[in-house]
Amino acid sequence: MEAAIITIMALLFLSFVALGVFVTVKAVKATKRGVDRTLDQARRTVEDTTLRAKSYGQTGVAGELARLRLSLRTSMRATQEALQAGVGEDASLKESLDLFHRLSAHGVELDGDLKRLEREPDRAWVSGQLPELTARTERITSSADALRRAARERALKFAEDDLSTLSEQIDVEAGALRHWTTGPEAAHPAQDTYGTAPGATPASTAPKAASGDAGPVAGEPAAITAPDPRRTAYPWEKSTRPETTT
């Protein structure tokens, strides 16, 4: 009996140790991925800032190479972000994202060529390569821009169609809420549901200002309480400033 208890305790201890090691490894990997993403983003920011400074501050071959690299990187990054953001809501963009990955391979190759030419000492030879490099850059960026714009136009079209359908449903619901304006009572308003003549005030709804009784009367429905204006439910509603007390 004691041996079985010891065995169970040992197994539990080993299980807790294994679980602790697993959680620690997962946490370390997640931290490493976060650090890598931060470093990659910082490196891209530094490179983009350097390229922007070269494109504006330098002339000739160096400035043109920096301008081409900056144009390529900006277009490819914007397209990637747009497609990745939309593929979660629109599965049809998966094929577009696959095409972008193929295009991205050409973009990476072109960026590497431009980066190597920045260190090329023979500026005359590099200048002769600029027309072909410019044409390659424009072809890649044009394709990336076409994918990005098509994805955005598709999302806007879907949003517009959804809004149109929602507006039609709201119009139908609004008409249903105003059913009294389209029923038989609207054509014969001579007598209401309480049998009173037009313009007469029913006894049950007559004002009670003379009696001064503001409380509810037995048998009558309670008054509808207006919502508190200080409580807002939507981000575009401005909160009411609380009253000051003296």
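The values are calculated or read from the model by the stated rules, or taken from the named source; none is laboratory data. None of these values were measured; they are calculated from a predicted model. Counting neighbours? That spans all protein chains shown, and the Cβs are built from the backbone with ideal geometry, glycine included. Side chains included, ligands, DNA and RNA excluded: accessible areas come from the protein's heavy atoms. Shrake-Rupley method; radii C 1.70, N 1.55, O 1.52, S 1.80 Å.
Annotation for segment 12-42: chymotrypsin sites (Phe, Trp or Tyr not before Pro) lying in DSSP loop with at most 12 further Cβ atoms inside 10 Å of their Cβ do not exist. Annotation: extensible slack from Leu166 through Ala146 equals 4.2 nm (criterion: 0.36 nm per residue apart, minus Cα-Cα distance).
With each label modelled as a point 7 angstrom along the Cα→C-beta vector, the Arg139-Ala10 pair spans 6.9 nm. Take 53-60, 170-177, 115-122 and order them by the average number of nearby Cβ atoms within 10 Å per residue, most first; the result is 53-60, 115-122, 170-177. Per residue, segment 1-143 exposes 69 Å² of accessible surface when a 1.4 Å probe is rolled over the protein heavy atoms with every protein chain present. Largest to smallest in accessible area, the residues Met9, Met76 fall in the order Met9, Met76 (1.4 Å probe, all protein chains included).
Computing the accessible area with a 1.4 Å probe over protein heavy atoms, can you report the carbon and sulfur percentage for segment 41-157? Result for segment 41-157: 52 percent of the exposed heavy-atom area is carbon or sulfur.
In plain terms, the chain from Ala62 to Thr24 could stretch by 8.9 nm, reckoned as 0.36 nm per residue minus the Cα-Cα distance.
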